[in-house]
Amino acid sequence: MNDRLKSLLMILIFVFLASGLTLTVLSQIQAYRDQQVYLATQATLPVHRLPASSDRLYLNPVMGLSFRYPAILALSDTSTSVELTHQIPFKNHGTCDMKGDTAVYDNLTDFRASFKIVEGTVAQVVKQLSPYMPKENFAGDTLKLSPGFIDEYEAGNLRGFAIYEGVEGCGHTIYYFPIANNRVLVVEQAMVQQLSGVLSSDLEKQVLAVPGVISREKNYEIFDKILKTVQFN
């Protein structure tokens, strides 16, 4: 084999080896790029998580009271009381439209409940908050039942009385739950006249057509659910 042929053969072998090496390097580079693209893609995908709870935990260390409530409700409190509310955009003359005034409000409160703890027995606290209550409704340090006016009420660990105070779909129901250390949990649930059924059905339909409204049935459902989570610390 002459020198020229040997040189050509060596060149071909070199080119073959160089091509193989180049292909290997290019393959590794492409694999690296593919890996980076995969990682970048995975980083943009949504992470699967359990849905967040729609309830919130409220704790008032001064009152020694805690409960859970739906996140749709607004909460305001002091060291001695708590209030939960919900509003919808609906022009009205107030939740009790019997005052005869001309004030117009842009929002309607379709849920309101308040909590406080008062020292004393149930009878003592009722006399303090509802001094109009006739003496015949009391039996020592407790209350006498009067269906539709004074009723027994239970929710979770709470056992007590519900007293309705109102007329024509206006007013509220006050719940009295005796607790430890001669104290009473007092919970007030406001009525919404526009959803009470005593006004025109057309008005009620208009209110119920508002997105996010809390109906009368849903109102009581939410209220009862909250009471069942009440704890004392």
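One table, with the values for the structure above:
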item: Lys, Arg +1 and Asp, Glu -1 on Cβ, resulting dipole of region 55-232 about Cα centre, debye, nearest 20; result: 360
item: Gain in span if fully extended, Tyr132 to Asn182, counting 0.36 nm per residue against the direct Cα distance; result: 15.7 nm
item: Nearest-20 debye value, region 99-138 charge dipole, Cβ charges on Lys, Arg, Asp, Glu; result: 200
item: Gain in span if fully extended, Glu217 to Ser66, counting 0.36 nm per residue against the direct Cα distance; result: 51.9 nm
item: Gyration tensor (alpha-carbon) shape descriptor, region 55-232, a/c threshold 1.5; result: oblate
item: Highest average packing first - 193-199, 210-216, Cβ atoms within 10 Å; result: 193-199, 210-216
item: Gain upon complete extension [Leu203, Thr78; 0.36 nm per residue less C-alpha separation]; result: 41.5 nm
item: Dipole axis of region 55-232 (+1 Lys, Arg; -1 Asp, Glu on Cβ), positive-most option in Leu203, Ile163, Thr229; result: Thr229
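Each reported figure results from applying straightforward, stated rules to the coordinates on display, with no laboratory input. Everything numeric here is computed off the predicted structure, so don't read it as measured data. Glycine also receives a Cβ, built like all others from the backbone with ideal geometry; neighbour counts cover every protein chain displayed.
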